[in-house]
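All remarks here apply to the structure that follows.
Please treat every number below as a calculation from the coordinates, not as lab data. All of these numbers come straight from a predicted model, not from anything done at the bench. When we count neighbours, we look across all protein chains shown, and the Cβ atoms used for this are built from the backbone with ideal geometry, even at glycine.
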Amino acid sequence: MPKRVLICVAALMIACCWGVLEYRGDNQTLASPPQHSMDISKTKIDPATLKVFAPLPEVMSSEKNSITQAKVDLGRMLYYDQRLSLENDISCNSCHQLDKFGVDQKAFSSGHRGKLGSRNSPSVYNAAAHFAQFWDGRAPDVEEQAKGPVLNPVEMAMPNGEAVVSRLKAIPGYVEAFRRAFPGEADPVTFNNMGKAIGAFERGLVTPSRWDDFLKGNDAALLNVEKIGFNKFVATGCAMCHSGVLLGGMAYMKMGVAKPWSDVSDEGRFAVTHNAADKMKFKVPSLRNVEMTGPYFHRGTATTLEEAVKSMAEYELGTTPSRDDVLFMVAWLKSLTGKIPGEYIRMPELPKAESVKAPAEE
């Protein structure tokens, strides 16, 4: 065998042993966890452990907000329109960028006149299926959530709902779009209807992944190292909070159950309920697309997925997983990366207006 071939074979064997070889799954490159300690080709997942998980629905419907094409089309325009902000420079998409899995990849987003928020902006993808919105759950659904940033002085900074409605009514194309989206209403251009339209659009932001294919019966949808990672995820105790359709998003949990969290400057849900039992409680984040939505936690303090996994094990579960176990779990977490619905999130042509003036700040 030629010397050059021998060198290449030796390098390949070393890479496999040290877990640095990369290989491609359906839609991403996965860093291979160490494989020297087990036969990964025979990995199985106990069906009993899958009973607390479920695949994503095609659309996240709502009994309070019927979804129509006209409403979705209006919501898409509003989502991208910077004219919903005081100085016409910030849209929903500024912090929740749809081509970047619904985040801006910053610890804190930049808002009105460069002001920074105090919490990390979570992904808008699949968010409509959460049981509540915002880290502290202060909004019950995406329709209510959509109205919050528009009036937040640090974010889009509009002074009140009336100012938003006045601006929208000054744009003929929006008046007509609201009429189509809310037929039969005498005065359809309202602040609440703005929230309903954006919510209707967001309910279609669904990102099915290979994990969903696996849950639907395609055993080959997951690589063997990902199956190992899932088994370790369950064995470590992570599934106690991260389960269901979203692998999270359905409960509040204290940051620092097993070990006090290092930063207690943000007391989480306590600011909403003023109940001492809610101090340091935050909504459990969904793990959908978690590979692509860092930095992690409510203050963006973990920059890598490996760091986030180790921190959660330490502070929430009181355990220290091995480096190998962390790598296996991260490999499985990457199988949760879905497909961005490119056509659905296309940038629409926005209604034109001769001029839009910023309302005076109070």
(request) Search the structure for amide H atoms under 5 Å from the amide H of A139, placed 1.01 Å from N in the peptide plane, and list their residues when 5 or more places away or on another chain. (result) Q133
(request) Springs between alpha-carbon atoms under 10 Å, Gaussian network over the chain: tell me which of S123, S166, S335 tops the mean-square fluctuations. (result) S166
(message) Suppose every Lys and Arg Cβ carries +1 and every Asp and Glu Cβ carries -1, with no other charges. What dipole size does segment 69-202 come out with about its Cα centre, to the nearest 20 debye?
(response) 160 debye
(request) Within 10 Å, count the other beta carbons around each residue, average over each peptide in 45-53, 178-186, and list them highest first. (result) 178-186, 45-53
(request) Take the alpha carbon gyration tensor of segment 176-290, find the square roots of its eigenvalues, order them as a ≥ b ≥ c, and report rounded if a/c is under 1.5; if not, report prolate when a/b exceeds b/c, else oblate. (result) oblate
(request) Choose one of G161, Q82, A353: the residue whose Cα lies farthest towards the positive end of the charge dipole of the chain (beta-carbon charges +1 Lys, Arg; -1 Asp, Glu; about the Cα centre). (result) Q82
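Percent relative contact order of segment 239-314, based on C-alpha pairs within less than 8 angstrom and at least six residues apart?
Result for segment 239-314 is 28 percent.
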(message) So for each of 101-110, 285-294, 197-206 I average, over its residues, the number of other beta carbons within 10 Å; can you give me the resulting order with the highest mean first?
(response) 197-206, 285-294, 101-110
(message) Can you compute the helix-only [θ] at 222 nm over the chain? Use -39500 (n - 2.57) per DSSP H run of at least 4 residues, normalise by all residues, nearest 500 deg cm²/dmol.
(response) -9000 deg cm²/dmol
(request) About the Cα centre of the chain, how large is the charge dipole given +1 on each Lys and Arg Cβ and -1 on each Asp and Glu Cβ? Please answer in debye to the nearest 20. (result) 520 debye
(message) Under 10 Å, Cα contacts only: if you run a Gaussian network model on the chain, which one of K216, K147, K254 comes out with the highest mean-square fluctuation?
(response) K216
(request) Pull up all non-local amide H partners of G268: gap of 5 or more, or a different chain, and H-to-H distance under 5 Å with H placed in the peptide plane. (result) M280
(request) Taking a cut-off of 23 Å between Cα atoms, list the lysines near K44, but don't count ones fewer than 8 places away on the same chain. (result) K216, K227, K232, K334
(message) On a straight-distance basis, which aspartates and glutamates could pair with K115 in a cross-link, Cα separation under 12 angstrom, same-chain partners fewer than 8 positions away excluded?
(response) E155
(request) Please list the non-local residues whose amide H lies under 5 Å from the amide H of D104, H modeled 1.01 Å from N, same-chain partners needing a gap of 5 or more. (result) Q97
(message) With a cut-off of 8 Å between alpha carbons and a minimum separation of six or more residues, what is the relative contact order of segment 153-218 in percent?
(response) 22 percent
(message) I'd like the distance separating the alpha-carbon centroids of segment 68-122 and segment 275-314, in whole Å.
(response) 21 Å
